[in-house]
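A.B. asks: Okay, here's the structure, questions in a sec.
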Amino acid sequence: QVQLVESGGGLVQAGGSLRLSCAASRSIFRFNAMGWYRQAPGKQREMVATISSDGSTSYANSVKGRFTISRDNAKNPVSLQMNSLKPEDTAVYYCHILLRPEGNYWGQGTQVTVSS
């Protein structure tokens, strides 16, 4: 079992930046995939950015060029640097890790609010 806790969310003006971090309850040395997802009120959860074990990354079209996902260290395995934030980026952001054969793990989410 792994518990994930996101941090770094908050209120920021449009054009500003935030960095989200994901802390794990135990060290993560190997993984299959990690990522950040978000859910805005009244909308489905959507993928923001993912990183695979080989280091390859993928991004939602809406955040390409503005957000960067990174693998950090064993206890804080993944982060998301968000630049040039827009009001439409407002959502709860969730950290996700896929460990095989254990399964999927999710954090409880951190609120990001971007004011216009």
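The values are calculated or read from the model by the stated rules, or taken from the named source; none is laboratory data. Model, not experiment: these values are computed from the prediction. Methodologically, a virtual Cβ is constructed for each residue, glycine included, from the backbone with ideal geometry; neighbour enumeration extends over all protein chains shown. Side chains are part of the model used for accessible areas, which takes the heavy atoms of the whole protein and leaves out ligands, DNA and RNA. Shrake-Rupley method; radii C 1.70, N 1.55, O 1.52, S 1.80 Å.
A.B. asks: Being part of a loop (DSSP other than H, G, I, E, B) and more than 17 Å from residue 31 (Cα to Cα) is the filter here, so list the residues in the stretch 46-72 that pass it.
C.D. replies: Passing the criteria: 60, 61, 62, 63, 64, 65, 66.
A.B. asks: Let me ask you something else. Taking the stretch 13-29, which residues are of a type in the set (D, E, K, R) and under 19 Å from residue 106 (Cβ atoms)?
C.D. replies: 26
A.B. asks: So which residues in the stretch 73-109 are within 20 Å of residue 26 (Cβ to Cβ), polar (S, T, N, Q) and in contact (Cβ under 8 Å) with a residue 12 or more places away in the chain, if there are any at all?
C.D. replies: Across the stretch 73-109, the qualifying residues are 76, 79, 108.
Residue-wise test of (1) over 11 Å from the mean Cα position of the chain (by Cα); (2) surrounded by fewer than 19 Cβ atoms within 10 Å (Cβ to Cβ); (3) closer than 14 Å to residue 106 by Cβ.
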residue: 3; (1), (2), (3): yes, yes, yes
residue: 45; (1), (2), (3): yes, yes, yes
residue: 48; (1), (2), (3): no, no, yes
residue: 56; (1), (2), (3): yes, yes, no
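A.B. asks: Moving to a separate point now. What tally of residues in the stretch 83-97 results from selecting those that are more than 15 Å from residue 5 (Cα to Cα) and open to solvent by 10 Å² or more (accessible area, probe 1.4 Å)?
C.D. replies: The total comes to 6.
A.B. asks: Looking at 105, 37, can you tell me which residue is more than 27 Å from residue 12 (Cα to Cα), open to solvent by less than 70 Å² (accessible area, probe 1.4 Å) and in a strand (DSSP E or B)?
C.D. replies: Residue meeting the stated conditions: 105.
A.B. asks: While we're on this one: Can you tell me which residue is nearest to residue 112 (Cα to Cα) among those in the stretch 19-34 that are open to solvent by 30 Å² or more (accessible area, probe 1.4 Å) and not in a loop (DSSP other than H, G, I, E, B)?
C.D. replies: 19
A.B. asks: Still on this model: Restricting to the stretch 63-82, and then to whatever is at pLDDT 95 or above and open to solvent by 60 Å² or more (accessible area, probe 1.4 Å), can you tell me which residue is nearest to the chain's Cα centre (by Cα)?
C.D. replies: Checked the stretch 63-82; the qualifying residue nearest to the chain's Cα centre (by Cα) is 68.
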